[in-house]
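Before any comments, here is the structure.
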Amino acid sequence: MADQPTPIDRDGPWDDMPSAGDLSIARQMRVKVISPSSAAFDGPAASVVAPAHDGEVGILYGHAPMVVLLGTGELRIHTIDGDTRFRVSRGFMQVVDNEISVLAEEVEPIEG
């Protein structure tokens with residue numbers, strides 16, 4: 001077992017994972033947020049927190065592929081320039097190869 005790397009080792013299969021707070025361009029994901037009436041966001045992000053139907057889900061670079069049923073709540077997108085927030089309801093989020101697509105029936109920007 002000693003020769004098996006663990007997630008806390010920075011050598012091995014996990015050596016390309018970002019450290020906390022790493023906002024370098026190489027560690028960013030592509031995020032798209034769309035509704036039937038508009039394309040609200042399309043750009044790079046370091047992290048995303050979305051309101052799933054059963055609680056919040058957070059996504060970082062390297063996340064496993066998944067599809068999430070969205071509930072109603074606040075979608076937070078953390079970028080180099082700061083946070084962008086939207087109120088979303090009813091839809092889903094797909095994560096594949098560091099690309100996040102949020103498709104929601106309602107998307108409204110949250111100011112401030």
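The values are calculated or read from the model by the stated rules, or taken from the named source; none is laboratory data. What you see is a predicted model; the values in this text were computed from it and never measured. Here the Cβ positions follow ideal geometry from the backbone for every residue, glycine too, while neighbour counts run over all protein chains shown.
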Extreme residue, nearest to residue 108 (Cα to Cα), among residues of region 27-51 that are without any contact (Cβ under 8 Å) to a residue 40 or more places away in the chain and either in contact with a helix residue (DSSP H, G or I) (Cβ under 6 Å, 6 or more places away or on another chain) or part of a strand (DSSP E or B) (or both): 39
Any hit, region 100-110, residues being part of a loop (DSSP other than H, G, I, E, B), surrounded by fewer than 19 Cβ atoms within 10 Å (Cβ to Cβ), small (Gly, Ala, Ser) and touching a residue at least 60 places away in the same chain (Cβ under 8 Å): no
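A quick yes/no check of all residues on (1) modelled with pLDDT under 60; (2) of a type in the set (S, T, N, Q):
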{"position": "6", "(1), (2)": "yes, yes"}
{"position": "12", "(1), (2)": "yes, no"}
{"position": "18", "(1), (2)": "yes, no"}
{"position": "25", "(1), (2)": "yes, no"}
{"position": "30", "(1), (2)": "no, no"}
{"position": "42", "(1), (2)": "no, no"}
{"position": "47", "(1), (2)": "no, yes"}
{"position": "55", "(1), (2)": "no, no"}
Boolean, residue 97 is without any contact (Cβ under 8 Å) to a residue 12 or more places away in the chain and either farther than 19 Å from residue 36 by Cβ or crowded, with 19+ Cβ neighbours inside 10 Å (or both): no
Residue within region 69-78 that is exposed (fewer than 15 other Cβ atoms within 10 Å of the Cβ), at pLDDT 95 or above, part of a strand (DSSP E or B) and not basic (Lys, Arg) present: yes
